[in-house]
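The next block holds one structure in the form of structure tokens; read it before the comments.
The values are calculated or read from the model by the stated rules, or taken from the named source; none is laboratory data. If you're wondering where the values come from, they're calculated on a predicted model, not measured in any experiment. Here Cβ is always computed from backbone atoms with ideal geometry, including for glycine, and neighbour counts include all displayed protein chains.
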């Protein structure tokens with residue numbers, strides 16, 4: 001049976017105005033696919049990038065069409081001030097900003113045996129501090145409308161990881177920071193309703209990462225009950241659905257081909273190499 005969902009414009013805090021979405025790390029890889037899907041679904045796009053200016057600007061040109069807008073915003077996101085400044089610039093450019101997709105992420109290998117404070121701090125800044133501060137910024141921007149009697153519902157969508165369902169010690173700092181963001185998803189969803197919904201998507205092996213070879217990626221990608229893990233378009237489709245799913249908050253949607261159902265003592269990348 002088919003169910004209908006409100007369009008992005010119907011769910012926006014500015015009725016009749018095309019709503020806008022800020023996507024971190026949107027210049028390449030999964031972020032680029034999410035930006036394209038959200039634009040097609042009815043959102044104007046604030047494209048954040050750190051270093052990939054060329055790809056980000058090319059994407060903005062591709063998405064900017066009659067009736068649609070996309071603009072680029074550079075930020076290193078290395079401090080609270082930088083994060084707030086990014087949000088303020090995006091909000092000035094798109095007053096109907098009502099969605100943030102926290103896609104940018106730090107992902108480097110370490111384990112508890114040799115973890116360092118610098119690695120922990122770097123992962124927590126990118127994978128926890130930045131998403132939480134952007135969540136607060138969006139709430140602060142929309143809360144005055146709620147206080148005036150309007151019914152704005154903004155949405156924050158975090159990109160997490162299926163390994164949170166079956167954690168292992170590989171990529172230790174990364175895993176800890178994403179686990180903290182999952183808990184922040186629940187806490188913020190409770191505290192910031194009804195102004196915001198806060199949700200998360202947990203992909204599986206989706207694209208080659210770190211120093212993974214194409215052959216290693218293909219083998220890892222197939223190590224799921226469904227014979228294939230997530231693909232970029234499937235993650236983007238999940239983000240679009242969550243952006244419209246007004247009854248969904250405080251939860252994580254696993255999009256991984258069932259990868260989370262198979263517990264492993266090590267990350268699949270390490271298992272293949274050993």
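Structure summary
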quantity: Test result for residue 180, over 25 Å from residue 49 (Cβ atoms) and not in a loop (DSSP other than H, G, I, E, B); calculated: no
quantity: Complete set of residues in the stretch 160-171 that are buried (at least 21 other Cβ atoms within 10 Å of the Cβ) and touching a helix residue (DSSP H, G or I) at 6+ places or on another chain (Cβ under 7 Å); calculated: 160, 161, 162, 163
quantity: Unique match (being at pLDDT 95 or above and buried (at least 24 other Cβ atoms within 10 Å of the Cβ)) among 61, 25, 42, 54; calculated: 25
quantity: Lone qualifier among 177, 243 - being crowded, with 19+ Cβ neighbours inside 10 Å, within 22 Å of residue 32 (Cβ to Cβ) and at pLDDT 95 or above; calculated: 243
quantity: Qualifying residues in the stretch 7-22 (those that are in contact with a helix residue (DSSP H, G or I) (Cβ under 8 Å, 6 or more places away or on another chain) and either crowded, with 20+ Cβ neighbours inside 10 Å or under 19 Å from residue 61 (Cβ atoms) (or both)) - the one modelled with the lowest pLDDT; calculated: 11
quantity: Qualifying position, being part of a helix (DSSP H, G or I), exposed (fewer than 15 other Cβ atoms within 10 Å of the Cβ) and free of Cβ contacts under 8 Å to residues at least 60 places away in the same chain, among 113, 78; calculated: 113
quantity: Residue count for the stretch 143-182, restricted to those that are over 22 Å from residue 230 (Cα atoms) and under 15 Å from the mean Cα position of the chain (by Cα); calculated: 3
quantity: Residue, farthest from residue 104 (Cα to Cα), within the stretch 48-75, restricted to residues that are part of a loop (DSSP other than H, G, I, E, B) and touching a residue at least 12 places away in the same chain (Cβ under 8 Å); calculated: 67
quantity: Pick from the stretch 86-101, criterion assigned to a helix (DSSP H, G or I) and surrounded by fewer than 15 Cβ atoms within 10 Å (Cβ to Cβ), ranking: nearest to the chain's Cα centre (by Cα); calculated: 88
quantity: Exclusive hit being within 19 Å of the chain's Cα centre (by Cα) and part of a loop (DSSP other than H, G, I, E, B), set 126, 104; calculated: 104
quantity: Any hit, the stretch 255-262, residues being modelled with pLDDT of 90 or more and under 27 Å from residue 37 (Cα atoms); calculated: yes
